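Quick notes on the structure that follows.
The values are calculated or read from the model by the stated rules, or taken from the named source; none is laboratory data. Computed from a predicted model, the values in this text were never measured in an experiment. Here the Cβ is made from the backbone with ideal geometry for all residues, glycine too, and neighbour counts use every protein chain on show.
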Amino acid sequence: MEYRNLGSSGVKVSTLCLGAMTFGEADANSFMHNVSCDEPTAHAIMDRALEQGINFIDTADVYGQDGLSERVVGRWIAQRKTRDRIVLATKFRMGMGEGPNSRGGSRYRITRTVEESLTRLQTDRIDLYQTHKDDPDTPVEETLEALAKLVRAGKVRAIGASQYNPARLRESMEASKRLGIPRYDTLQPEYNLYDRAAFEKDLQPVALEHRLGVIPFFGLAKGFLSGKYRKAADIEGRPRAAGLKKYFEGDRGMRILGALDSVSRRTGATPAQVSLAWIMAQPTIAGPIVSVTSVAQLDEIAGAARLKLDREALAELDRASA
């Protein structure tokens, strides 16, 4: 397993980040219903991840009912005594909660949400604490100063931004420099072979300028880039079917799958492994987030970290996805 710097934080992380969004059985009303796994399976997945050299786990306070994902990860850490072997990342959701003090990126809310996450995760520190979407109603200075206080207290080691627009990300970086306080070290955007334009045009330049470590989510485009969906009929009745429909509009999605199949045949890798290896080859990438529901899925995905695509393969994939 290769390890890379997590932005300018001084932390080294595996080139695959294990996403914990699927951990813990979701109730029928949850947005994760039908795409989650029970706690024993989640623990087995994390055990296997460590065996594979994956030392980076990402979760969030809104994954699962009442912070269930964080609780599952926390119980695994406590039972396996793994805290010092992993880089632990979580996020607080800016826009969730009822009432004026249960949402957003205010100093008041951040002070409370970090304590709740620390309790659920059964740890005294979070290695990477991320804002989960921007809060346009709170000045970036207030959010950053609250996060800086957590860093100074040792409760948080580094901070990151998730799903920020370029303007607010630049504003945040400039504010940190002006105030002399910790800056965002990472960025978590949607990025994959199909969903390229928004990141590459507007966010990647900011990441390059400020040496941000990028940890993309939906690296397999909700499963489309694994090659398991070949026609629109394949997604009927599937979890996230509505989010998959766009990949069948026009012929671009099929061109990308064709290129993945071509590279897969030459390399002996699966389309999913090729898709993730392409992301790892891009500038600023620390490692894509991968979410699985079984040890077998993880074993396949882990092969992406051992796959090095040559120039010809990268060029073929770039052309198909342009």
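Would you mind stating whether Thr186 is touching a Gly at 6+ places or on another chain (Cβ under 6 Å), among the hydroxyl-bearing types (Ser, Thr, Tyr) and modelled with pLDDT of 95 or more?
On the way: touching a Gly at 6+ places or on another chain (Cβ under 6 Å): yes; among the hydroxyl-bearing types (Ser, Thr, Tyr): yes; modelled with pLDDT of 95 or more: yes.
Considered against the rule, which asks whether it is touching a Gly at 6+ places or on another chain (Cβ under 6 Å), among the hydroxyl-bearing types (Ser, Thr, Tyr) and modelled with pLDDT of 95 or more, Thr186 comes out as yes.
Within the set of pairs 6 or more residues apart or between chains, which connect a residue that is free of Cβ contacts under 8 Å to residues at least 60 places away in the same chain and on the phi > 0 side of the Ramachandran plot inside segment 109-132 to a residue that is small (Gly, Ala, Ser) and surrounded by fewer than 24 Cβ atoms within 10 Å (Cβ to Cβ) with Cβ atoms less than 6 Å apart?
Pairs found: Gln122/Gly74; Gln122/Ala78.
Give segment 130-144 a look and list any residue that's in contact with a helix residue (DSSP H, G or I) (Cβ under 7 Å, 6 or more places away or on another chain) and over 20 Å from Leu203 (Cβ atoms), or say none.
If the condition is that a residue be in contact with a helix residue (DSSP H, G or I) (Cβ under 7 Å, 6 or more places away or on another chain) and over 20 Å from Leu203 (Cβ atoms), then Glu141, Glu142 are the ones that fit.
Is it true that Gly64 is surrounded by 20 or more Cβ atoms within 10 Å (Cβ to Cβ), at pLDDT below 95 and not charged (D, E, K, R)? It would help to see each step written out before you state the result.
Details: surrounded by 20 or more Cβ atoms within 10 Å (Cβ to Cβ): yes; at pLDDT below 95: yes; not charged (D, E, K, R): yes.
Yes, satisfied.
(1) hydroxyl-bearing (Ser, Thr, Tyr); (2) more than 30 Å from Lys12 (Cα to Cα); (3) surrounded by fewer than 22 Cβ atoms within 10 Å (Cβ to Cβ): which one isn't true of Thr267, the others all being true?
Tallying (1) hydroxyl-bearing (Ser, Thr, Tyr); (2) more than 30 Å from Lys12 (Cα to Cα); (3) surrounded by fewer than 22 Cβ atoms within 10 Å (Cβ to Cβ), Thr267 fails exactly one: (2).
Quick check on segment 293-300. Is at least one of its residues surrounded by 22 or more Cβ atoms within 10 Å (Cβ to Cβ), touching a Cys at 6+ places or on another chain (Cβ under 8 Å) and either at pLDDT 95 or above or in a loop (DSSP other than H, G, I, E, B) (or both)?
There is no residue in segment 293-300 that is surrounded by 22 or more Cβ atoms within 10 Å (Cβ to Cβ), touching a Cys at 6+ places or on another chain (Cβ under 8 Å) and either at pLDDT 95 or above or in a loop (DSSP other than H, G, I, E, B) (or both).
Which of (1) buried (at least 23 other Cβ atoms within 10 Å of the Cβ); (2) part of a helix (DSSP H, G or I); (3) of a type in the set (Gly, Ala, Ser); (4) touching a residue at least 60 places away in the same chain (Cβ under 8 Å) does Gly258 not meet, given it meets every other one?
Among (1) buried (at least 23 other Cβ atoms within 10 Å of the Cβ); (2) part of a helix (DSSP H, G or I); (3) of a type in the set (Gly, Ala, Ser); (4) touching a residue at least 60 places away in the same chain (Cβ under 8 Å), Gly258 violates only (1).
For segment 301-313, name all the residues that are in a loop (DSSP other than H, G, I, E, B) and acidic (Asp, Glu).
Selection gives Asp310 alone.
Give just the number: which of (1) more than 20 Å from Pro182 (Cβ to Cβ); (2) at pLDDT below 95 does Met94 not satisfy?
Result: Met94 passes all but (1).
Checking Asp195 against (1) over 25 Å from Thr59 (Cα atoms); (2) of a type in the set (D, E, K, R); (3) touching a helix residue (DSSP H, G or I) at 6+ places or on another chain (Cβ under 9 Å): exactly one of these is not met. Which one?
Failed condition: (1).
Look at Phe199 and say whether it is surrounded by 15 or more Cβ atoms within 10 Å (Cβ to Cβ) and without any contact (Cβ under 8 Å) to a residue 24 or more places away in the chain.
Yes: the conditions hold for Phe199.
Select, from Tyr129, Tyr108, Tyr63, the only residue that is aromatic (Phe, Trp, Tyr) and in a helix (DSSP H, G or I).
Values: Tyr129 fails: in a helix (DSSP H, G or I); Tyr63 fails: in a helix (DSSP H, G or I).
None of the others qualify; the one that does is Tyr108.
In this structure, does Gly160 turn out to be among the small types (Gly, Ala, Ser) and either surrounded by 20 or more Cβ atoms within 10 Å (Cβ to Cβ) or out of contact with any Leu (no Cβ under 9 Å at 6 or more places or on another chain) (or both)?
So Gly160 fits the description; yes.
Please enumerate the residues belonging to segment 167-196 that are buried (at least 20 other Cβ atoms within 10 Å of the Cβ), touching a strand residue (DSSP E or B) at 6+ places or on another chain (Cβ under 8 Å) and either among the hydroxyl-bearing types (Ser, Thr, Tyr) or in a strand (DSSP E or B) (or both).
Within segment 167-196, Ser172, Ser176, Tyr184, Asp185, Thr186, Leu187, Gln188, Tyr191 meet the criteria.
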